[in-house]
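S.K.: My questions will all concern the structure given below.
Readers should treat all values here as calculations from the given coordinates under stated rules, not as data from a laboratory. From a predicted model like this one, the values you see are computed outputs, not experimental measurements. Glycine gets a Cβ as well: all are built from the backbone with ideal geometry, and neighbour counts include every protein chain shown.
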Amino acid sequence: MRARSLSLIAIAAVAATALTWSAFAPIHTVSRNEVFVIPKGTWARRMSGDKIEILPDHIRLTLGLRDILVLRNRDEVPQIFGPTLMMPGQSFALPFAQASEYTFACTAHLSGQMTIVVEPYPANPWARIRWRTRELLDRLQEPAGAS
């Protein structure tokens with residue numbers, strides 16, 4: 001019984017330490033870019049009737065951390081994103097400076113549009129905990145071989 005109590009106390013202490021760290025430690029990212037690739041053959045697959053979704057219909061960015069959307073067109077045909085025509089092999093970087101929700105026309109989507117949600121910088125402890133938790137959950141949901 002005593003060993004079980006000590007184990008529970010140790011687990012609680014580790015959880016409290018992790019929560020405290022995630023609330024107060026500064027957030028650092030390797031790059032402010034969030035990169036998405038339109039793979040080669042996308043247009044051909046769509047023309048053959050394949051209803052593939054190659055990009056998420058909603059992308060979440062965070063000011064000051066990951067606030068530059070980068071799209072790379074690896075397909076053989078031009079793609080449109082908002083007012084921009086991306087030629088084959090071309091990349092397009094779109095930095096965001098204001099937290100908001102943006103909707104763009106996007107030929108890489110079956111629906112023809114993409115929504116970008118730009119969230120404010122997680123400035124307080126609870127916001128940092130939420131940001132880190134969401135990042136962890138997003139990474140756990142990525143398909144194998146992504147990133």
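S.K.: Once amide H atoms are built 1.01 Å from N in the peptide plane, which residues 5 or more positions from residue 34, or in another chain, come under 5 Å H to H?
M.R.: The list, which skips near neighbours in sequence, is 68, 69, 70.
S.K.: If I stretch the segment between residue 110 and residue 70 completely, what's the gain in nm (0.36 nm per residue apart, minus their alpha carbon distance), one decimal?
M.R.: This chain segment gains 12.4 nm when fully extended.
S.K.: Could you tell me the calculated FRET efficiency between residue 51 and residue 28, based on Cβ-Cβ distance and R0 = 30 angstrom, to the nearest 0.05?
M.R.: 0.20
S.K.: With each run of n ≥ 4 DSSP H residues scored as -39500 (n - 2.57), what mean residue ellipticity at 222 nm is computed for the chain after dividing by its residue count and rounding to the nearest 500 deg cm²/dmol?
M.R.: -10500 deg cm²/dmol
S.K.: Okay, moving on. Work from the charge dipole of the chain (Cβ charges, +1 for Lys and Arg, -1 for Asp and Glu, about the Cα centre) and give the residue of 133, 94, 36 farthest towards its positive end.
M.R.: Going by the Cα projections, it comes out as 133.
S.K.: Rounding to the nearest 20 debye, state how big the charge dipole of the range 76-137 is about its Cα centre with +1 on each Lys and Arg Cβ and -1 on each Asp and Glu Cβ.
M.R.: In total the dipole reaches around 320 debye.
S.K.: I'd like the antiparallel share, as a percent to the nearest 5, of DSSP beta bridges with both residues in the chain.
M.R.: In the chain, DSSP labels about 60 percent of beta bridges as antiparallel.
S.K.: Continuing with this model, one more query. Around residue 27, with a cut-off of 14 angstrom between Cβ atoms, what is the net charge of the other residues, counting Lys and Arg +1 and Asp and Glu -1?
M.R.: Net local charge, residue 27 excluded: +3.
S.K.: Give me D for the chain in µm² s⁻¹, whole number, from Stokes-Einstein with Rh from the Kirkwood sum over alpha-carbon pairs, 25 °C and 0.890 mPa s.
M.R.: Roughly 138 µm²/s, to the nearest whole number.
S.K.: Summing +1 for each Lys or Arg and -1 for each Asp or Glu, what net charge is found among the other residues whose Cβ lies under 15 Å from the Cβ of residue 74?
M.R.: +2
S.K.: Further question: Which FRET efficiency value, to the nearest 0.05, do you get for residue 85 and residue 60 by plugging their Cβ-Cβ distance into 1/(1 + (r/R0)^6) with R0 = 30 Å?
M.R.: The formula returns an efficiency of 0.75 here.
S.K.: Turning to a different aspect of this structure: Could you compute the FRET efficiency for residue 97 and residue 13, with r as their C-beta to C-beta distance and R0 at 35 Å, rounded to 0.05?
M.R.: In this case the efficiency is close to 0.25.
S.K.: What ranking do 86, 47, 1, 114 get, fewest neighbouring Cβ atoms within 10 angstrom at the top?
M.R.: 1, 47, 86, 114
S.K.: Mind jotting down the distance between the C-alpha centroids of the range 48-68 and the range 107-127, whole Å?
M.R.: That distance is 9 Å.
S.K.: What does the charge count around residue 101 come to, taking other residues whose C-beta lies under 15 Å from its C-beta (Lys +1, Arg +1, Asp -1, Glu -1)?
M.R.: Residues near residue 101 contribute -2 overall.
S.K.: About the Cα centre of the chain, how large is the charge dipole given +1 on each Lys and Arg Cβ and -1 on each Asp and Glu Cβ? Please answer in debye to the nearest 20.
M.R.: That gives the chain a dipole magnitude of about 560 debye.
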